[in-house]
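The values are calculated or read from the model by the stated rules, or taken from the named source; none is laboratory data. Quick caveat, the model's predicted, so the values are computed rather than measured. With ideal geometry, Cβ positions are generated from the backbone for all residues, glycine too; neighbour counts draw on all protein chains shown. Keep in mind that these areas ignore ligands, DNA and RNA; they rest on the heavy atoms of the full protein, side chains included. Shrake-Rupley method; radii C 1.70, N 1.55, O 1.52, S 1.80 Å.
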Amino acid sequence: MTHTPRMPLIAGLPLAVAAGLLMPVQGRINGALGAALADGIAAAVVSFSTGLVLMIAISLALARGRAGLARILPAVRNRDFPPYYVLAGCIGAFFVFTQSFTVGLLGVALFTVAAVTGQTLSGLLVDRMGIGPAGKKAITGIRVLGSVLTVAAVAWAVSPRLSGAESGALQLLVPVLLPVLAGFLMSFQQAMNGTATVHYGTPITATLVNFVSGTVLLWTAWLIKLGVAGTGNPLPGEWWYYLGGPMGCVFIGVGALLVRSLGVLVTGLGMISGQLLGSLGLDVAFPAPGTVVALPTVLGTILTLAAIVLATLPWPKGALKR
């Protein structure tokens, strides 16, 4: 079994932030594709399918990819990790489902707060349980404080967009719980992918397996929807509609690579930071209709960066330890 060398924090954290920058771009592209197709599930199918095709090509073209393919069956057969880890991509598919069914009701802002809350809380739990390849990481007061500040900062950053919500709290309860659950599961997905990467010897194979399971689940869901509601619009001709899948390849692959070195919580916080920075950049450079870049959005993004620095700095052992 090939072990990937651990990456230092000073190199890994910027890489996590860079991967997170792609998330809002991917969301904008997939949202536009869903509108063009008049079918959010079909847009998710297209995104996952293009990502799968790309990962198959990379796996066959690169020597490390071919070597990783040869390790899949032995790793599963020998139970080098729990066999259900190969289904980690279904978590990504569930996240896409959740976007399709709740973003229209909640809006992107409230969806982001809910998902980030779930991901941040589960990042602490997954690190404490030692599910990821980095092993167990202590829950210290500094890490808890950084996580709480991250959630608060994200809520502050999107607060200008929350002020227009018209639905009552009780009406939003169930829709809000769905992205919380989807975000909560994302940390487990990253931990599972990171562990699989260690045994495959490369994140290429872990990413490929993710796209296989996620694509199968989404195609199944879309075929059921097709039988019930029929088809939407034909595929658009513009090339940029099909970039969402390749961006997902980068995001999943980088996450699988980094969790061994940084742990699930720090990797997730870095990607959250990149997501907010990317969203802010898109809103400034390519604003969507109705977009308002208010002072709380800028200050909340800055506070998120500060919270992540707080949670990731190598504080002395025992500092606020729990």
Hey, could you check the stretch 232-260 for residues that are crowded, with 23+ Cβ neighbours inside 10 Å and more than 18 Å from F211 (Cα to Cα) and say which is modelled with the lowest pLDDT?
R260
Being open to solvent by 20 Å² or more (accessible area, probe 1.4 Å) and in contact with a Ser or Thr (Cβ under 8 Å, 6 or more places away or on another chain) narrows R64, R77 down to just R64
Heads up, the helices (runs of 4 or more DSSP H) in the stretch 1-111 (entirely inside) with at least 2 residues that are farther than 23 Å from E238 by Cβ and at pLDDT below 95 are 9-37, 63-77
Meets criteria (farther than 30 Å from I72 by Cα, in contact (Cβ under 8 Å) with a residue 60 or more places away in the chain and surrounded by fewer than 18 Cβ atoms within 10 Å (Cβ to Cβ)) for P287:
no
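Would you call I224 farther than 21 Å from T50 by Cβ, of a type in the set (V, I, T) and at pLDDT 90 or above? Please lay out each step first, then the result.
Numbers: farther than 21 Å from T50 by Cβ: yes; of a type in the set (V, I, T): yes; at pLDDT 90 or above: yes.
Yes.
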Quick check on this structure: which one of P175, P203 is modelled with pLDDT of 90 or more and either in contact with a helix residue (DSSP H, G or I) (Cβ under 8 Å, 6 or more places away or on another chain) or open to solvent by less than 70 Å² (accessible area, probe 1.4 Å) (or both)?
P203
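Could you tell me which of the residues L258, L235, L226 is within 25 Å of I56 (Cα to Cα), over 11 Å from the mean Cα position of the chain (by Cα) and either assigned to a loop (DSSP other than H, G, I, E, B) or without any contact (Cβ under 8 Å) to a residue 40 or more places away in the chain (or both)? If you could, list the steps in order and put the result at the bottom.
Numbers: L258 fails: either assigned to a loop (DSSP other than H, G, I, E, B) or without any contact (Cβ under 8 Å) to a residue 40 or more places away in the chain (or both); L226 fails: within 25 Å of I56 (Cα to Cα).
After ruling out the rest, the residue left standing is L235.
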Can you confirm whether L37 is farther than 18 Å from F211 by Cβ, in contact with a Pro (Cβ under 8 Å, 6 or more places away or on another chain) and not β-branched (V, I, T)?
yes
